[in-house]
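The values are calculated or read from the model by the stated rules, or taken from the named source; none is laboratory data. Nothing here was measured: the structure is a model prediction, and the numbers come from that model. Positions of Cβ are generated from backbone atoms using ideal geometry, with glycine treated the same way; all protein chains shown enter the neighbour counts.
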Amino acid sequence: MSDKCRIFIDGGEGTTGLRILERFEDRKDVELLKIDSELRKDAAERRRLINSSDITFLCLPDAAAIEAVDLVDKDNDHTVIIDASTAHRTLPDWAYGLPELSGDFREKIRNSRRIAVPGCYASGFNMIAYPLVKNGVVAADYPFFATALSGYSGAGKKAIALYEGEDKSEELYAPREYALSQMHKHLKEMKAIPGLDYEPLFTPVVDDYYSGMIVSVPLSVRLFEKKLSVEEVRDMYAKHYAGEAFIKVRESGYENNEELKGFLSANAFSGRDDAEIIVSGNEDRILISARFDNLGKGASGAAIQCMNIKLGLKEDTGLLIKS
């Protein structure tokens, strides 16, 4: 690759694309390849820019993302595709963009030219479920449940317009459950990445705030493969994510500190690109919660982190993480 990495964002008008673009504002190591607004859907111009780029970010619906990959010339051996859609997340020849899960995940990102950015809900669930299965705490057939609360920005431009519109309906002021048929598009990767036998029972909720997310997984200790205390489960996570800058495992009792007073706000990580895991509960029932920004570690921040890994840069280059 050249000294300046040539970047093209296909679908740069959407929420994720715009947030990726924001993260390049102060970076001197990239050159942005921009498409004329009138040619955003022109296949020939998109093909030219994709094949001229070192890295192309796809911020498109699934079908359009699949079409975009087909625009890569067969003799093109330099363009890296980082796809933020759901189209390629469980395909074996694509790297899954959650490097903290294991060294194998990070290495595959580093060596691949096809990288799939995880879904926001799936990011939280997988950073909770993967260590449980891989460390033998629960079996692959464990009956996982998950609930998640997200800001409305994760629902896309049309939903943002509704929530921020002058004629906002009364129901938009309250939390709203959805995907009631248990067919949410993230479920496929929530099963595949941790290696589960069954998809989890999943309840997503969207609420009247812009960004930030909390994903929670309740666990029954009696169904564990080995009996562990809350502290031992917390230590397992701390060991699994030791040295990771983007996922912090909080100390025992963190949720009861003076600042939180037993409450976990879903918007606490809004504007950030890192995440935290909180382990709470008692000897019978344990709750694992992951907090992050659905637009950060759950989307554009994760995409930039993958790019940094691919380029051999510090993973937090151009990203916001805190202690």
Taking region 137-170 on its own, how many of its residues are of a type in the set (Val, Ile, Thr) and part of a loop (DSSP other than H, G, I, E, B)?
2
Expected single match for touching a helix residue (DSSP H, G or I) at 6+ places or on another chain (Cβ under 6 Å), in the same structural domain as Lys191 (by TED's automatic domain parsing) and free of Cβ contacts under 8 Å to residues at least 40 places away in the same chain among Leu162, Leu172, Leu71 is Leu172
Total residues in region 255-286, condition in contact with a helix residue (DSSP H, G or I) (Cβ under 6 Å, 6 or more places away or on another chain), over 28 Å from Glu315 (Cβ atoms) and outside any strand (DSSP E or B):
2
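How many residues are surrounded by 14 or more Cβ atoms within 10 Å (Cβ to Cβ) and either within 15 Å of the chain's Cα centre (by Cα) or on the phi < 0 side of the Ramachandran plot (or both) if we restrict to region 177-198? Reasoning before the result, please.
Step one: filter region 177-198 for residues surrounded by 14 or more Cβ atoms within 10 Å (Cβ to Cβ), giving 179, 184-194, 196.
With either within 15 Å of the chain's Cα centre (by Cα) or on the phi < 0 side of the Ramachandran plot (or both) added as a condition, the list becomes 184-194, 196.
Here the count works out to 12.
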Got at least one residue in region 141-164 being basic (Lys, Arg), over 30 Å from Lys74 (Cα atoms), surrounded by fewer than 22 Cβ atoms within 10 Å (Cβ to Cβ) and modelled with pLDDT of 95 or more?
no
In this structure, does Ala275 turn out to be among the small types (Gly, Ala, Ser), in contact with a Ser or Thr (Cβ under 9 Å, 6 or more places away or on another chain) and within 26 Å of Ser153 (Cβ to Cβ)?
yes
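Kindly establish whether Leu320 is closer than 12 Å to Phe246 by Cα, touching a Gly at 6+ places or on another chain (Cβ under 8 Å) and of a type in the set (A, V, I, L, M).
Against the criterion (closer than 12 Å to Phe246 by Cα, touching a Gly at 6+ places or on another chain (Cβ under 8 Å) and of a type in the set (A, V, I, L, M)), Leu320 qualifies.
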Hey, Pro92 hits all of (1) surrounded by 18 or more Cβ atoms within 10 Å (Cβ to Cβ); (2) closer than 26 Å to Lys188 by Cα; (3) not hydrophobic (A, V, I, L, M, F, W, C) but one; which does it fall short on?
(1)
Selection from region 86-99 of residues in a loop (DSSP other than H, G, I, E, B) and either touching a strand residue (DSSP E or B) at 6+ places or on another chain (Cβ under 6 Å) or touching a residue at least 60 places away in the same chain (Cβ under 8 Å) (or both) yields Thr86, His88, Arg89, Thr90, Trp94, Gly97, Leu98
For region 218-251, name all the residues that are free of Cβ contacts under 8 Å to residues at least 12 places away in the same chain, part of a loop (DSSP other than H, G, I, E, B) and among the hydrophobic types (A, V, I, L, M, F, W, C).
Ala242
Residue by residue through region 259-299, note down the ones that are free of Cβ contacts under 8 Å to residues at least 12 places away in the same chain, at negative phi and not hydrophobic (A, V, I, L, M, F, W, C).
Glu259
Meets criteria (outside the structural domain of Arg23 (by TED's automatic domain parsing) and either at pLDDT 95 or above or not polar (S, T, N, Q) (or both)) for Ser252:
no
Subset of region 237-268 [surrounded by 13 or more Cβ atoms within 10 Å (Cβ to Cβ) and either within 12 Å of Ser289 (Cβ to Cβ) or charged (D, E, K, R) (or both)]
Tyr237, Glu244, Lys248, Val249, Arg250, Tyr254, Glu255, Leu260, Leu264, Ser265, Ala266, Ala268
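Give me the residue from region 100-136 that is part of a loop (DSSP other than H, G, I, E, B) and not β-branched (Val, Ile, Thr) and, out of that set, surrounded by the most Cβ atoms within 10 Å (Cβ to Cβ).
Checked region 100-136; the qualifying residue surrounded by the most Cβ atoms within 10 Å (Cβ to Cβ) is Pro118.
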